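The structure appears right after this line, and notes come after that.
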Amino acid sequence: MPARHKTAPVSVSRQVCATPVALLALLAVCAPGAAMAQASEAAAVQPAADAQLAPVVVSANRTAQPITEALPHTTVVTQQDIVNSQAIDLRSLLRTQAGVEFAANGGLGSNTTLFMRGANGNQTLILIDGVRVSSASSGTAQLSNILPDQIDHIEIVRGNVSALYGSDAIGGVVQIFTKSGAGQAPAANAQIEYGSNNTRQGTVGYGGQVGDTSFNITGSAIKTDGFSAINTKQQPKANPNDNPYDNKSVSGQVKHRFTSDWDAGVTAYYSKSKLSYDSTTGKPTDVWWMNSELYTVSAFVNGKITRDWSTHFKVAQSEDRSENTKNGLFDSRFNTRNRQYTWQNEYALAPTHTLLFGTEYLQQEFDSSSYAAPNRNVTSVFGGYDGRLGKHQLQLNVRNDHYSDFGSQASYFAGYGYNLTNAFKLIANASNAFRAPTFNELYYPGYGQPSIKPERAKSFELGAQYNTDAAGLLRVTAFETRYDNLITSALQPNGLYLAQNVNKAKVQGIEASWRAKLMGTDVGASITFQNPVDEQSNTQLLRRARRHAAFDVGRQFGAFRLGGEWIISSTRMDSGSRTLGGYGIVNLNARYNIDKQWFVAARVENLFDKNYQLAYPFNTQGRAGFVTLGWRQK
């Protein structure tokens, strides 16, 4: 099946299964009667006096709300979380999140696939500052080239939210927000890092707010000698040499408030990388390289037309470009350009009742050395309602996306929340979603079929949320998703494997996320139980585990901070009926603030040098150590 380059992780359009009955037992454990912080109407559910301030998110219903009010299961990776984790790439940063798994073709920079709630890699939508960044050919984003140095925070929304964002939002949405400088005094920062595999990294930035103008610019570079991506004991014909990686990236934002009601600005992100990778076919002497570029740029205006009517307009463009060479000679090229125009409005019917309405236009242009494809135009309209009445909370969203190549697709989301107490809320959601066929699935020679239909999914969720200052925020969700028209490769009488809508699947699972500060110690946990089974063959889905979990802890001791995380996963299946063994990985980190400006930090990854695989026959990082020296202007 065609992919971004020769050794892309297998992309499987089939889903998951487990039993939601265990939710009842979990609810019994999670339902003590204490007080919860709810940012809600004063006459309804009052915040508890000792409740900690809930982070504000925008991805769960396209408008700002406390995370405790989000009806889809939503979590946030804050700027402080990023600093504390010392994560070197997006995979390391997100691997502790509930419902999130990864497959990867080696070390830093290697092709990476994100699975959320067992959904396929091209069934989770990736946004940078609200802009789509996926390739039109593969349907996935260059996750390995989005580095934490440029990120302010990340919002992860799980489940079908096509009614908010359109195609691809079946497993959920990962929205990445770059650094802005808003609300801070202007200051510079810099850091350098050195570690295993001759890894060198440097970052410089300057940002803050002056009067009504906020700004930030951050640049970073990372270079590593890497390690051999493929296990040559499993694939003797692969090149045994190390696979180096080089990435340079920059992000910037400028925003100015003209009046108390109107502001405008520009955001941009750019990443350029060069990766040596190994192929599972060919000769041991073959040398493969992929040169990649990823960028987004957008301009926006926000304001109030009346006291109750807020409006937002954004025009944006993104590009995903990759070129592959073999033994110094050109091999292939895949380039995607997305142009996106969004007009969104909110109208306050009452203090706790809001209407959402708007329209989007997306144009996708594709250029490849492998095949030609027509431009794709998508015209979308969406609307919604979000409100609270006493202990009752309701979210309703509808959307229609009209594609120039296959027509219209309609989506809905209906969510309901009920506060049993200030601390404890029950949640029920129903929704549907779709994924538009990729250009590979439509047009790739010898594989694509122009008559392919979009994949469809329906989902139902039951959940419970418990939140107090003492116990933190706990969310437990049982979900079921049924899939139709799943696209897979089907063998034809002429010997070709053609894309066809033949698969059906059912996803059932239970996930939990918890974040708290207990006696001065930051603690977090995520647990997922699922049974990822293809209904057609009754087999476990490739590279997805039935059970996976993560636990992290961190504490400040004066000028020192010590922390660590434990990531565990059960066995997974891979192509050829192979079994990838279960694993447990321990990572440690430490930081010492030398003074108010300087700090030194260190981390150890895979402390016990666990030998494991995220995809066959690719290697993963063994025990590795890194040291960082940083400075921030005060």
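Tell me which residues, restricted to the range 420-442, are surrounded by fewer than 22 Cβ atoms within 10 Å (Cβ to Cβ) and of a type in the set (Phe, Trp, Tyr).
If the condition is that a residue be surrounded by fewer than 22 Cβ atoms within 10 Å (Cβ to Cβ) and of a type in the set (Phe, Trp, Tyr), then no residue fits.
Under 7 Å between Cβ atoms, which residue pairs at least 6 apart in sequence (or on different chains) link something in the range 104-124 that is on the phi > 0 side of the Ramachandran plot with a partner that is among the polar types (S, T, N, Q) and part of a strand (DSSP E or B)?
From residues that are on the phi > 0 side of the Ramachandran plot, the pairs are Gly109/Asn247; Gly109/Ser273; Gly118/Gln530.
Which residue pairs have Cβ atoms under 6 Å apart, sit 6 or more places apart or on different chains, and have a first residue in the range 228-251 that is farther than 30 Å from Val204 by Cβ and free of Cβ contacts under 8 Å to residues at least 60 places away in the same chain and a second that is outside any strand (DSSP E or B) and β-branched (Val, Ile, Thr)?
Pro240/Thr232
Can you tell which of Ala163, Ala185, Ala136 is more than 30 Å from Val381 (Cα to Cα), among the small types (Gly, Ala, Ser) and over 12 Å from the mean Cα position of the chain (by Cα)?
So the residue among Ala163, Ala185, Ala136 that is more than 30 Å from Val381 (Cα to Cα), among the small types (Gly, Ala, Ser) and over 12 Å from the mean Cα position of the chain (by Cα) is Ala185.
For residues that are surrounded by 22 or more Cβ atoms within 10 Å (Cβ to Cβ) and among the hydroxyl-bearing types (Ser, Thr, Tyr), scanning just the range 221-267, find the one that is nearest to Asp278 (Cα to Cα).
Tyr245
I'd like to verify a number: residues in the range 486-543 that are in contact (Cβ under 8 Å) with a residue 60 or more places away in the chain, touching a Gly at 6+ places or on another chain (Cβ under 9 Å) and over 24 Å from Ser570 (Cβ atoms), how many?
Looking only at that region, the number is 4.
Tell me the residue from Tyr616, Tyr612 that is hydroxyl-bearing (Ser, Thr, Tyr), surrounded by 20 or more Cβ atoms within 10 Å (Cβ to Cβ) and part of a loop (DSSP other than H, G, I, E, B), please.
Tyr616
Residues are listed down the side, and each one gets a yes or a no for (1) touching a Gly at 6+ places or on another chain (Cβ under 6 Å); (2) over 30 Å from Ile217 (Cα atoms); (3) assigned to a strand (DSSP E or B):
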{"site": "Thr285", "(1), (2), (3)": "no, yes, no"}
{"site": "Ser298", "(1), (2), (3)": "no, no, yes"}
{"site": "Val301", "(1), (2), (3)": "no, no, yes"}
{"site": "Phe313", "(1), (2), (3)": "no, no, yes"}
{"site": "Gln317", "(1), (2), (3)": "no, no, yes"}
{"site": "Arg321", "(1), (2), (3)": "no, no, yes"}
{"site": "Asp331", "(1), (2), (3)": "no, yes, yes"}
{"site": "Gln344", "(1), (2), (3)": "yes, no, yes"}
{"site": "Leu349", "(1), (2), (3)": "no, yes, yes"}
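Pull out all pairs, ordered by first then second residue, where Cβ-Cβ is under 8 Å, the residues are six or more apart or on different chains, the first lies in the range 310-334 and is surrounded by fewer than 16 Cβ atoms within 10 Å (Cβ to Cβ), and the second is among the aliphatic types (A, V, I, L, M) and outside any strand (DSSP E or B).
Lys326/Val287; Asn327/Val287; Gly328/Val287
Has the range 444-463 got any residue that is of a type in the set (Val, Ile, Thr) and either over 29 Å from Ser138 (Cα atoms) or surrounded by fewer than 20 Cβ atoms within 10 Å (Cβ to Cβ) (or both)?
no
Of Gly417, Gly509, which residue is buried (at least 21 other Cβ atoms within 10 Å of the Cβ) and in contact with a His (Cβ under 8 Å, 6 or more places away or on another chain)?
Selected residue: Gly417, the only one of Gly417, Gly509 that is buried (at least 21 other Cβ atoms within 10 Å of the Cβ) and in contact with a His (Cβ under 8 Å, 6 or more places away or on another chain).
So, Arg515, is that one assigned to a loop (DSSP other than H, G, I, E, B) and basic (Lys, Arg) or not?
So Arg515 fails the test.
Throughout, read-outs are computed from the coordinates displayed, never taken from laboratory work. In this text, all values refer to a predicted model and were calculated from it rather than measured experimentally. Every residue, glycine as well, gets a Cβ built from its backbone with ideal geometry; the counts of neighbours run over all protein chains shown.
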